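Since the structure comes first, as structure tokens, the remarks are kept for the end.
The values are calculated or read from the model by the stated rules, or taken from the named source; none is laboratory data. Just so we're clear, the structure is a prediction, and the values are computed from it rather than from any experiment. Virtual Cβ from ideal backbone geometry, glycine too; neighbours counted across all protein chains shown. Surface areas here come from the heavy atoms of the whole protein model, side chains and all, with no ligands, DNA or RNA. Shrake-Rupley method; radii C 1.70, N 1.55, O 1.52, S 1.80 Å.
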Amino acid sequence: MPLPTYRQLTERTDAPAGSSWHLFTDQPERGMANFAGPPQIRRAAGTVVQGSAFNLDYPLDAFDPPMSKARGIPQHRITAKHDQARDDVLDNFHLQASTQIDGLRHRRASGHGFYNGVPDHDISPRSPRLGVQLWAELPLAGRGLLIDVEGLLRDRGTPLHHADGPALTPDLLDDALAEQGCHVESGDLVMVHTGWADWYLATTPEQRAETRDRRHATGFAQSRAFAAWCWDHRIALMATDTFAVEVLPVLENSDFHHSAPEDNGMMHQELIAKLGLPLGELWNLTALTQDCRATGRWDSLLTVKPLNLTGGVGSPANATALR
């Protein structure tokens with residue numbers, strides 16, 4: 001049976017409106033990651049023609065301090081049991097402080113529970129339900145499609161002013177794809193380049209502190225249209241080089257104020273807890289974008305291998321693009 005459209009999801013009465021709960025019968029707790037399977041991996045292998053590999057992760061301590069005040073950078077200690085050996089330990093290791101992927105434990109659907117109705121008591125350390133290890137045991141892999149929103153707006157003469165934390169719309173995704181001469185295919189792992197992370201890291205410590213205190217970050221407007229774009233394109237991942245994928249602070253006209261009151265209408269609930277969409281944040285897309293612009297090709301074989309942490313909420317992305 002074909003899956004419903006996003007509009008049909010919003011009309012569901014057997015599950016939270018706007019959710020994909022219980023629609024994936026094979027490995028249901030992997031959510032929309034299920035859209036990238038063997039056919040998508042085989043297709044993506046054909047994009048490897050240069051023999052080039054691109055690291056998509058910033059260093060674990062790149063964002064110092066992290067944008068989220070609840071997170072910190074890891075403290076690296078090197079230990080030795082004798083003078084000919086070394087081990088190391090990371091203290092204060094927040095798994096989502098740098099380049100990361102949000103797992104399906106990261107956000108609960110208000111009034112309903114975690115994705116697929118997994119009960120709260122199962123969201124605990126070493127419990128496997130919805131844990132990020134599900135994307136480690138069967139890694140996210142397939143055609144990575146880069147969408148260069150930063151390049152589109154720069155070429156239009158309307159570059160992004162990241163200090164203002166501008167809100168993006170899904171129309172920009174369609175416009176950039178048209179300029180690039182490509183389109184989204186079912187199961188694609190979508191990466192959106194805005195230039196935000198590089199901008200943030202290039203600012204002065206004082207500017208970074210101000211941005212962090214104001215909690216202003218470029219991202220997508222909280223809208224049903226964006227959720228529909230992700231679901232109706234059947235993507236397996238939405239990754240950006242922004243702090244939260246969605247714009248912060250949350251827009252006053254967010255479509256989700258009524259459904260996510262704890263977060264003032266953030267869209268994470270709709271994307272993670274309802275649709276089951278893996279979200280990538282703070283990805284390092286600079287070198288990959290430069291190569292895509294130089295070659296005129298925007299796809300790659302993308303692999304995302306989270307830490308195999310049973311019950312993990314999120315993880316460093318460990319993402320690599322092969323071209």
Subject >> Positions within segment 196-248 being among the small types (Gly, Ala, Ser), crowded, with 23+ Cβ neighbours inside 10 Å and free of Cβ contacts under 8 Å to residues at least 60 places away in the same chain, in sequence order >> reply: Gly219
Original post:
Within the group Leu90, Leu130, which residue is of a type in the set (A, V, I, L, M), at pLDDT 95 or above and in contact with a Phe, Trp or Tyr (Cβ under 7 Å, 6 or more places away or on another chain)?
Top reply: Leu130
**OP:** Assess whether Ala80 counts as being open to solvent by 50 Å² or more (accessible area, probe 1.4 Å), without any contact (Cβ under 8 Å) to a residue 24 or more places away in the chain and small (Gly, Ala, Ser).
**Re:** yes
**OP:** Scan segment 58-77 for residues that are among the hydrophobic types (A, V, I, L, M, F, W, C) and either assigned to a strand (DSSP E or B) or crowded, with 16+ Cβ neighbours inside 10 Å (or both) and jot them down.
**Re:** Leu60, Ala62, Phe63, Met67, Ile73
Original post:
Residues in segment 114-129: is at least one buried (at least 17 other Cβ atoms within 10 Å of the Cβ) and of a type in the set (Gly, Ala, Ser)?
Top reply: no
**OP:** Please go through segment 286-315 and pick out each residue that is touching a Cys at 6+ places or on another chain (Cβ under 9 Å) and assigned to a loop (DSSP other than H, G, I, E, B).
**Re:** Arg297, Trp298
**OP:** Determine, yes or no, whether Arg105 is out of contact with any strand residue (DSSP E or B) (no Cβ under 7 Å at 6 or more places or on another chain) and either surrounded by 11 or more Cβ atoms within 10 Å (Cβ to Cβ) or among the aromatic types (Phe, Trp, Tyr) (or both).
**Re:** yes
Original post:
Are any residues in segment 162-195 surrounded by 21 or more Cβ atoms within 10 Å (Cβ to Cβ), under 15 Å from Gly151 (Cα atoms) and aliphatic (A, V, I, L, M), and if so, which ones?
Top reply: Leu168, Leu173, Ala176, Met191, Val192
**OP:** Filter segment 133-161 for residues that are open to solvent by less than 50 Å² (accessible area, probe 1.4 Å) and either modelled with pLDDT under 95 or in a helix (DSSP H, G or I) (or both) and give the result.
**Re:** Leu134, Trp135, Ala136, Val149, Glu150, Gly151, Leu152, Leu153
Original post:
Checking Gln290 against (1) open to solvent by 20 Å² or more (accessible area, probe 1.4 Å); (2) under 30 Å from Val48 (Cβ atoms); (3) touching a residue at least 60 places away in the same chain (Cβ under 8 Å), which test does it fail?
Top reply: (3)
Original post:
When you look at Gly280, is it under 27 Å from Pro4 (Cα atoms) and touching a residue at least 12 places away in the same chain (Cβ under 8 Å), yes or no?
Top reply: yes
Original post:
Restricting the first residue to segment 257-277 and requiring it to be open to solvent by 10 Å² or more (accessible area, probe 1.4 Å) and of a type in the set (A, V, I, L, M), which pairs with a second residue that is assigned to a loop (DSSP other than H, G, I, E, B) and at pLDDT 95 or above meet a Cβ separation below 6 Å and a spacing of at least six or different chains?
Top reply: Met266/Val250
**OP:** Please indicate, with yes or no, whether at least one residue in segment 140-151 is free of Cβ contacts under 8 Å to residues at least 12 places away in the same chain and of a type in the set (Lys, Arg).
**Re:** no
**OP:** Just give me the residues in segment 37-87 being modelled with pLDDT under 95 and among the hydroxyl-bearing types (Ser, Thr, Tyr), in sequence order.
**Re:** Ser68
Subject >> Residue that is surrounded by the fewest Cβ atoms within 10 Å (Cβ to Cβ) [pool: residues in segment 18-48 that are without any contact (Cβ under 8 Å) to a residue 12 or more places away in the chain and either in a helix (DSSP H, G or I) or of a type outside the set (S, T, N, Q) (or both)] >> reply: Asp26
Subject >> Failed condition for Asn253, given (1) more than 22 Å from Phe63 (Cα to Cα); (2) assigned to a helix (DSSP H, G or I); (3) not basic (Lys, Arg) >> reply: (2)
